[in-house]
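Below: one structure, written as C-alpha cells.
Just so it is clear, none of the values below were taken in a lab; they were calculated from the coordinates. Predicted, not measured: the structure shown is a model, and the values here were computed from it. So basically every Cβ, Gly included, is an ideal-geometry build from the backbone, and we count neighbours across all protein chains shown.
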Amino acid sequence: MIKLATSSGTVIYEDQNKLYITKKPAQWTSTFLFVTGLLAFILLANGLLQLFVFEMKIPDAPNLGIILTASGVLFALIFWSVLVFRKKVNAKPVNELKCICIIDLNNNTLLDEQQNILASLDAVILTRKMQLTSSSKQLELQWNKNKLSIVEGNPFSGGIAAVEKVLISKGINRR
C-alpha cells in the first residue's frame, strides 16, 4: 500500500487502484498537545520571571515563582507523556487502522469498510462543511441523500487540504 495523504488523522492509502480512507487513533492528541505545551511554556516562563527577576521587588515573588515553575514542569511532563502515547498508538500498521470507506477506481464505486457498494462515483460529490467546534472545515462525501464524513478538520493537525487534493486528483467531483 502506498500512502498518498494525511490530514487531521485521516490517511489515504492506494493499493491496486483502490483508495482506502482510514482514521488514525488518538486524534484528540493534537489539540491536547498544543494546549498543554502552551500552558507549560507560559507557566515556566512566568515562574522563572518570578524567581529570578522579581525576587527583590515583590516579597512573595519567590513563593509564586516556585508554584508556577512546578506547575509548568507538571504540564511539560504531561505533554511529553501524551506525545509518547501518540507516537506509540499512531505507529499501528495500515491493516489495524479503522477504515472509513474504499474508493474503487476500477469499478467507479464507493464502498463501505466491508466492501459493500454505497454509490457510483459519478453520484458522489466532495463537500466542505463548517464545524461548530473548530475553525477548520469538515470534508464529506455526499451522494443521493446520504453523506459520509471522512475528515474532521483540525488546525493543529493539518486541516483537510491534503486529503481533498488527492481525492480531486483521483476524479472525485467537488461542490
* Structure fact -> Per principal axis, largest first, the Cα atoms of region 30-89 extend in Å by 48, 14, 12
* Place a +1 charge on the Cβ of each Lys and Arg in region 92-167 and a -1 charge on the Cβ of each Asp and Glu, then give the dipole magnitude about the Cα centre in debye, rounded to the nearest 20. => 300
* Structure fact -> Output for region 7-64: chymotrypsin sites (Phe, Trp or Tyr not before Pro) sitting in coil per DSSP, at most 13 other Cβ within 10 Å, listed by number, reads Trp28
* **GNM flexibility winner over the chain from Val53, Val151, Val82 (Cα, springs under 10 Å)** => Val53
* Structure fact -> With DSSP loop assignment and no more than 11 other C-beta atoms within 10 Å, the trypsin sites (Lys or Arg not before Pro) in region 26-130 are Lys57
* Asked: Suppose every K and R has +1 on its Cβ and every D and E has -1 on its Cβ; what is the size of the dipole of the chain about the Cα centre, in Debye to the nearest 20?
  -> 260
* Where Rh is the Kirkwood radius over Cα pairs, Rg/Rh for region 126-170 -> 0.98
* Asked: Which of the lysines could a cross-linker bridge to Lys165, judged by Cα under 22 Å and excluding same-chain residues fewer than eight apart?
  -> Lys3, Lys18, Lys23, Lys24, Lys98, Lys129, Lys137, Lys147
* Quick one: if you stick a label point 7 Å off each Cα along the C-beta vector at Lys170 and Asp112, how many nm between them? -> 1.9
* GNM, the chain, Cα, under 10 Å: largest mean-square fluctuation among Asn144, Asn17, Asn108? -> Asn144
* Structure fact -> GNM on the chain, Cα springs under 10 Å; top mean-square fluctuation among Thr31, Thr133, Thr22 goes to Thr133
* **Two-decimal Rg/Rh across the chain, once Rg and the Kirkwood Rh are taken from alpha-carbon atoms** => 1.20
* If one computes the Cα centroid of region 66-115 and of region 1-35, what distance in Å separates the two points? -> 8
* How about region 141-174: which trypsin sites (Lys or Arg not before Pro) there lie in a loop by DSSP and see at most 10 other Cβ atoms within 10 Å? -> Lys145
